[in-house]
C-alpha cells in the first residue's frame, strides 16, 4: 500500500491549462494599447500622404488653369521664365538629373565598396567602430554640405579645369558633395543586406577554393542584390529631393544645359528660392511651386515602385 502511494506521488501531476476564454480575458491591457497605437500611426501616415497629394493636386490645377499654361508646354518646354509667361520645366529637370547622376556616381562605388569591406573584410571590432563613424556623415546638416561645396569643392574644381571653365556656382561641385552626403545611406543599407547573407554560402565558396574577393563579388553580392538595389534607388530619391546643397552651390537661375561645370537651378532649389520670397497667393510663380512639387512627388513615387518590384524579383529567401 505504501509502495503504491509512493509511486502515485512520484508521477507528474496534471497541469491544468487555462481555457481560451480565460486567456482572452486575461490579455494584458498594454497589448491592446500598443495595437491601437500602431493602427493609429498607420492611419496617420496614410492620411498624411493623401493630404499631401490632395493639396499638391489642388494647387497644381490652379496653376494649369492659368491662361497660356498647358501640361504639354510645362513638361516639354526648354525655357523657364515666369516673368514672361514661359513655364517649361525641362531646365529644372535636367539640372536635377545631372546633379543626381554626379551624386550617384560618387555614392554608389564608394558606398558599395565600404559596405563590402565592412561586411566581408573588417573584423567585428573594426566594423563596430567604423560603421558609426561612417554614419556620422548622415547627421551633418545639409546647409553645411552646401557651403562646403561652395567654399571647398568649387575652388578645387576651378583649379583643375580652369577658372574660365568652371563657374562659381556649378552643378558638379553640388553633385560631388551630395554624393558624399548620400554615401552613408547606401553603405549602411548595403552592408546590412550583405551581412544578412547566411554564413554557409561563404563557407561553401571558400571550401571549393574561391578566394575572399571571388566569394564577395560572385557569391555574396548577387545574394544581397535586392537589398543593394533598394539602397541605390533610395539614394537616388534622396538625391532628387535634396534642397540646401543645390540651392547654395548649384546656382539660382534656370539654365537648360548639360554641362555640369555651369550654374543651373534644380527643381528643389527653385522651390526653396521662390517660397522664401514675397509672392502673392494665386499667382503663376506661387502656383508653379506646387506643380513642380507634384512632379517631384511622382518621380519619387515611381522610383519607390521600381524599387519594390526589383526587390521582389531578386529577393533571396533562406531557411
Has segment 260-271 got at least one residue that is within 24 Å of residue 104 (Cβ to Cβ) and surrounded by fewer than 16 Cβ atoms within 10 Å (Cβ to Cβ)? no
Taking segment 274-308, which residues are at pLDDT 80 or above and over 28 Å from residue 86 (Cβ atoms)? 303, 304, 305, 306
Consider residue 170 carefully, then state whether it is in contact with a helix residue (DSSP H, G or I) (Cβ under 9 Å, 6 or more places away or on another chain), more than 19 Å from residue 142 (Cβ to Cβ), in the same structural domain as residue 103 (by TED's automatic domain parsing) and at pLDDT 85 or above. no
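Surrounded by fewer than 20 Cβ atoms within 10 Å (Cβ to Cβ), in the same structural domain as residue 310 (by TED's automatic domain parsing) and within 20 Å of residue 144 (Cα to Cα): which single residue out of 243, 257, 215 fits that description? Even if it seems obvious, please write down each step before you answer.
Values: 257 fails: within 20 Å of residue 144 (Cα to Cα); 215 fails: within 20 Å of residue 144 (Cα to Cα).
Matching residue, one of 243, 257, 215: 243.
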Considering only residues that are within 19 Å of residue 127 (Cα to Cα) and free of Cβ contacts under 8 Å to residues at least 24 places away in the same chain, which ones fall in segment 187-201? 199
Quick check: is even one residue across segment 22-38 under 25 Å from the mean Cα position of the chain (by Cα) and either over 30 Å from residue 258 (Cβ atoms) or modelled with pLDDT under 85 (or both)? yes
Tell me which residues, restricted to segment 37-63, are closer than 21 Å to residue 300 by Cβ and either assigned by TED's automatic domain parsing to the domain that holds residue 82 or touching a helix residue (DSSP H, G or I) at 6+ places or on another chain (Cβ under 6 Å) (or both). 56, 59, 60, 63
Selected residue (criterion: nearest to residue 222 (Cα to Cα)) from residues of segment 107-129 that are surrounded by fewer than 16 Cβ atoms within 10 Å (Cβ to Cβ) and more than 18 Å from the chain's Cα centre (by Cα): 113
Looking at the structure I just gave you, is residue 86 more than 16 Å from the chain's Cα centre (by Cα), surrounded by fewer than 16 Cβ atoms within 10 Å (Cβ to Cβ) and over 27 Å from residue 264 (Cα atoms)? no
Please verify whether residue 112 is modelled with pLDDT of 85 or more, in contact with a strand residue (DSSP E or B) (Cβ under 8 Å, 6 or more places away or on another chain), within 30 Å of residue 177 (Cα to Cα) and part of a helix (DSSP H, G or I), treating the condition exactly as stated. no
From the list 237, 230, 226, pick out the single residue that is at pLDDT below 85, part of a helix (DSSP H, G or I), in contact with a helix residue (DSSP H, G or I) (Cβ under 6 Å, 6 or more places away or on another chain) and surrounded by 15 or more Cβ atoms within 10 Å (Cβ to Cβ). 226
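Do we find a residue being within 29 Å of residue 268 (Cβ to Cβ) and touching a residue at least 12 places away in the same chain (Cβ under 8 Å) anywhere in segment 115-126?
We begin by selecting, within segment 115-126, every residue within 29 Å of residue 268 (Cβ to Cβ); these are 115.
Next, only the ones that are touching a residue at least 12 places away in the same chain (Cβ under 8 Å) stay: 115.
Yes, segment 115-126 contains at least one residue that is within 29 Å of residue 268 (Cβ to Cβ) and touching a residue at least 12 places away in the same chain (Cβ under 8 Å).
The values are calculated or read from the model by the stated rules, or taken from the named source; none is laboratory data. Just so we're clear, the structure is a prediction, and the values are computed from it rather than from any experiment. We place every Cβ from the backbone using ideal geometry, glycine too, and count neighbours over all the protein chains shown.
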